[in-house]
Each structure stands twice: as C-alpha cells, then as structure tokens.
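Shown next, in structure tokens, is the structure this report addresses.
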Amino acid sequence: MNSNDLYKRLSAIQKIAWKHDDLMTQETLFELQDALADVVLNVARDAGKLDDCLATFPYLYSIHKTM
C-alpha cells in the first residue's frame, strides 16, 4: 500500500468516524471498526509487523491465522 492509498483509506475512515457527529449508530460503529481493522492489517503487512498485529489483536484477525 503506497502513501496515496493509505491517505485515501484513512480519509474514508475519518468520514465514517464523523458521519453522525457524536450520535454514531451501531451500524456506523461496525463500519468504522471494519475499515480501521482492514487498514491496520494492510499497514502491518507492509511494515513487516503482521505477526505482531495478529498477536496483539487475535480477536480481530483470528481468521488470518489459518491462512
């Protein structure tokens, strides 16, 4: 993932985070969590920190352990 892709993804996450100001719906929260988890996983992979990411957040990325 290059810097431009990362900016686009983080910008999209920021839009989700502020979609309903301080009245975030549960659906929006789940959308935000999914988008953030995806970006963190990709950045971890690019940074050579995939094992650390999987160990730190096993409840988010348990499906990746079997791949």
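The values are calculated or read from the model by the stated rules, or taken from the named source; none is laboratory data. The model shown is predicted, which means the values in this text are computed figures rather than measured ones. Using ideal geometry, Cβ is built from the backbone for each residue, glycine included, and neighbour counts are taken over all protein chains shown. The accessibility values were calculated without ligands, DNA or RNA, using every heavy atom of the protein model including side chains. Shrake-Rupley method; radii C 1.70, N 1.55, O 1.52, S 1.80 Å.
Observations
- Any hit, the stretch 6-25, residues being in a loop (DSSP other than H, G, I, E, B) and touching a helix residue (DSSP H, G or I) at 6+ places or on another chain (Cβ under 7 Å): yes
- Selected residue [open to solvent by 70 Å² or more (accessible area, probe 1.4 Å) and at positive phi] from Asp46, Asp21, Asp51, Asp34: Asp21
- Single unsatisfied condition, Arg9 versus (1) surrounded by 15 or more Cβ atoms within 10 Å (Cβ to Cβ); (2) of a type outside the set (A, V, I, L, M); (3) closer than 16 Å to Tyr61 by Cα: (3)
- Of all residues in the stretch 1-26, those that are without any contact (Cβ under 8 Å) to a residue 60 or more places away in the chain have Cβ atoms under 6 Å from Cβ atoms of residues that are surrounded by 12 or more Cβ atoms within 10 Å (Cβ to Cβ) and of a type in the set (S, T, N, Q), 6 or more apart or on another chain, in Met1/Asn42; Lys19/Thr28; His20/Thr28.
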